[in-house]
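The structure appears right after this line, and notes come after that.
The values are calculated or read from the model by the stated rules, or taken from the named source; none is laboratory data. These numbers come from a predicted model, not from an experiment. Neighbour counts run over all protein chains shown; Cβ positions are idealised from the backbone, glycine included. Surface areas here come from the heavy atoms of the whole protein model, side chains and all, with no ligands, DNA or RNA. Shrake-Rupley method; radii C 1.70, N 1.55, O 1.52, S 1.80 Å.
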Amino acid sequence: MTDTITLRAIVHVIGGRGEPIDDDWDKVEATIALDPGQFKADATASLAEFSHIEVVFHFNQVPDEEINTGARHPRGRKDWPLVGIFAQRGKGRPNRIGVTVCWLLSADGLNLRVKGLDAIDGTPVIDIKPVMKGFLPRGEVREPVWAKELMDGYW
């Protein structure tokens, strides 16, 4: 059974990078400017009290032929194991959905300034949520060695 859902962009990323380069995202700053025609002025009320937000976005520039429904070597590195699409966070996902926790530098009305959002200029944003400690993983987080190696220069 296949369900059809409809999601719409609430905004598009402004600035930051123009190309999806894999590393050094921590240095990248961008803006999320919500449309006053679509959102009330108080839509971000109290958001500035949070240090981080979680941004859900659409990898809209990934072509159909790059969608992966099986396993691949992360970043094409044959020295890393074949890893299923649901055991990695690559952009060639079946629904092209990305999620990133980034710093919220400022929230000025409907304008959010962020740092460390690994989405390029023009990327459609689907949702924004505050990061709360209560929603972070409980207990120890476990990951394979290749995943730690992959993330060494990412941020």
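With runs of 4+ DSSP H residues as the only contributors, calculate the mean residue ellipticity of the chain at 222 nm using -39,500 (n - 2.57) per run, divided by the residue total and rounded to the nearest 500.
-1000 deg cm²/dmol
How would you order 45-56, 63-74, 104-115, 124-135 from highest to lowest mean count of nearby Cβ atoms within 10 Å?
Averaged packing, sorted descending, gives the order 104-115, 45-56, 124-135, 63-74.
State the percentage of accessible surface on the range 1-120 attributable to carbon and sulfur atoms; use a 1.4 Å probe and exclude ligands, DNA and RNA.
On the way: 3760 of 7430 Å².
Answer for the range 1-120: carbon and sulfur cover 51 percent of the accessible area.
Please compute the contact order of the range 1-63 in relative form: average sequence separation of alpha-carbon pairs under 8 Å and at least six residues apart, divided by the residue count, as a percent.
Value for the range 1-63: 29 percent.
Could you work out the relative contact order of the chain, using alpha carbon pairs under 8 angstrom and six or more residues apart, expressed as a whole percent? Before the final figure, lay out each step's value.
Values: 270 pairs, mean separation 58.9, N = 155.
Reported as a whole number, the value is 38 percent.
Quick one: accessible surface of I5, probe radius 1.4 Å, all protein chains present, in square angstrom to the nearest 10.
Surface accessible to solvent at I5 totals approximately 130 Å².
Output the peptides 89-96, 141-148 sorted from most to least packed, where packing is the average of other Cβ atoms within 10 Å over each peptide's residues. It would help to have the intermediate numbers written out before the result.
Numbers: 89-96: 15.1, 141-148: 10.8.
Highest mean packing first, the order is 89-96, 141-148.
What fraction of the Cα pairs in the range 73-155, stated in percent, has a spacing above 17 angstrom?
Beyond 17 Å sits 62 percent of the P(r) for the range 73-155.
How long are the three semi-axes of the equivalent ellipsoid for the range 52-121, computed from the Cα gyration tensor as the root of 5 times each eigenvalue, in whole Å, largest first?
Working: eigenvalues 167, 36, 17 Å².
Rounded to whole Å, the semi-axes are 29, 13, 9.
Please express the Cα-Cα pair-distance distribution P(r) of the range 1-119 as a list of whole percents, one per 10 Å bin, running from 0 to the bin with the greatest distance.
Result, from short to long distances: 12, 36, 32, 17, 3, 0 percent.
Please work out the C-alpha center-to-center distance from the range 62-99 to the range 8-40 and express it in whole Å.
The distance from the Cα centre of the range 62-99 to that of the range 8-40 comes to 23 Å.
Run the count for the chain, please: Lys pairs, Cα-Cα under 25 angstrom, 8 or more apart or on different chains.
Going through the chain pair by pair, I get 16.
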